[in-house]
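See structure below.
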């Protein structure tokens, strides 16, 4: 994996790309060889027309030269189209490979919040030079000496002039790399930070409007963008300077090449056809470098995305094949389990052990920040376990592939966020499930009637361009998603927090019914109505879990609240 200090130079980046796509890059180079050889057709045609046809007046020679040249240029056109198509495929391969790694990291416990959009954006930027054809200039660059050799064959002086011109343009490319690398990378970093800030502001629109913070939020965003303005302007100025200088240098070299060719023709050292041919050959020799200099900023961004992606995602291996296992027994075995926030060194939940059998409803109580959510996230497999082992039906929760384990687990977060899909797809966990199973889960959660009241019922789209749901509606649909598929283990974080009296009663009844049927439920709650249904209460205080007897249902509700708070 390339390090931050060695991944910037162009040749190292290209070598890394070639190692990532060896077969595709070999074919690109073969296509480039054919294309660059065929690009000699035009100057050779000019040489033959000026030196043979015009002097001999042979019309049949002109016709055959033209026919052969047209045929070869048609082959060139087909090869160029094939090469561009191959380049686009290579870009798609890169984007697919890194987006798969991004989702692997997203599904692991290693990822930090908000990293997925950045990783997917990097994957798209990686594919940019391929889809735009910029990367093809690097494929053409090794063949520039071929055109310089042709110039030498026309006349050594023209070859020396072409070599000097190529050196000047290449030096400009190197200077562009040195001058624009740091400003471009700093500008990209600040732009990404501003984008993340805008996303965060969008999620908090209601609070910002209610408290009159929109202008202050705008000022905060503007200050961040203002800090980037000088850097972005500096990068754009330097890029424009080197691009303009490179193009001007090319035009000057073309004039000098024509001047040198004309002088040599007057001295009768080359033919008049050599004047035009040398100009065409020089243009082709310098074209790759000119294109690279002109698109340098996008290349810097692509290299930055490559470095960031390989540092974050390069060591992620695809998931190994696994054998799907049958439905596990309803037994949660916790052996000295401890839990902490990802990235933290301090345990929020100290080691504890428990055997929780099917038919158990465990209520987790404790003050805010005591670790209830952390414990649920850990037992769900979403966060790594800090210590000990958690077994569901004898299988390690954290070593069990989530795509197999997930069908037996139902998880309801404290703030339910539904996927941008239909309500039916959300309940069915994006699976192709029969409608009867979806409706059954919604009815069990008490969400069936509220779904029918939406514009398109179960086909109502959620998210951008779709319906807006209240927190209570999301909670009810999220509970239906938990109940879908009759899970063995249910992990619920404040399941009645956003529900009215009737909806909360339906939710509690649904959870209790699944427990009576043999499921395991761990519920973080302060709701006395749920506490009275618990078979046992786990009180969390200062990282220690203490098991308590369940509340009696026949005592007054005020006493229940006091006991729950205790």
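Values in this text are rule-based calculations from the coordinates and carry no lab data. Computed from a prediction, not measured in an experiment: that's the story for all the values here. Every residue, glycine as well, gets a Cβ built from its backbone with ideal geometry; the counts of neighbours run over all protein chains shown.
Details
- Put in line by how crowded their Cβ is, counting other Cβ atoms within 10 Å and starting with the fewest, 468, 155 read 468, 155.
- Mean Cβ count within 10 Å, highest first, over the residues of peptides 504-510, 243-249, 374-380: 374-380, 504-510, 243-249
- FRET efficiency for residue 195 and residue 216, using Cβ-Cβ distance with R0 set to 22 Å, rounded to 0.05: 0.70
- Order of 502, 175, 46 - criterion: other Cβ atoms within 10 Å of each residue's Cβ, fewest first: 502, 175, 46
- Packing around the peptides 123-130, 476-483, 85-92, taken as the average count of other Cβ atoms within 10 Å per residue, puts them in this order, highest first: 476-483, 123-130, 85-92.
- Each Cα pair under 8 Å and six or more residues apart adds its sequence gap; the mean of these over the residue count of the stretch 322-389 is a relative contact order of 40 percent.
- Separation of the residue 104 and residue 513 label points, Cα + 7 Å toward Cβ, nm: 4.2
- Relative contact order (%) - the stretch 261-386, alpha-carbon pairs under 8 angstrom, separation at least six: 17
- Relative contact order, percent, the stretch 446-549 [alpha-carbon distance under 8 Å, six or more residues apart]: 21
- Residues 168, 292, 178, ranked from the fewest to the most other C-beta atoms within 10 Å, line up as 178, 168, 292.
- Residue 60 versus residue 18: modelled label distance in nm, points set 7 Å from Cα along the beta carbon direction: 4.8
- Cα-based shape type of the stretch 325-469, given that a ≥ b ≥ c are square roots of the gyration tensor eigenvalues and the cut on a/c is 1.5: prolate
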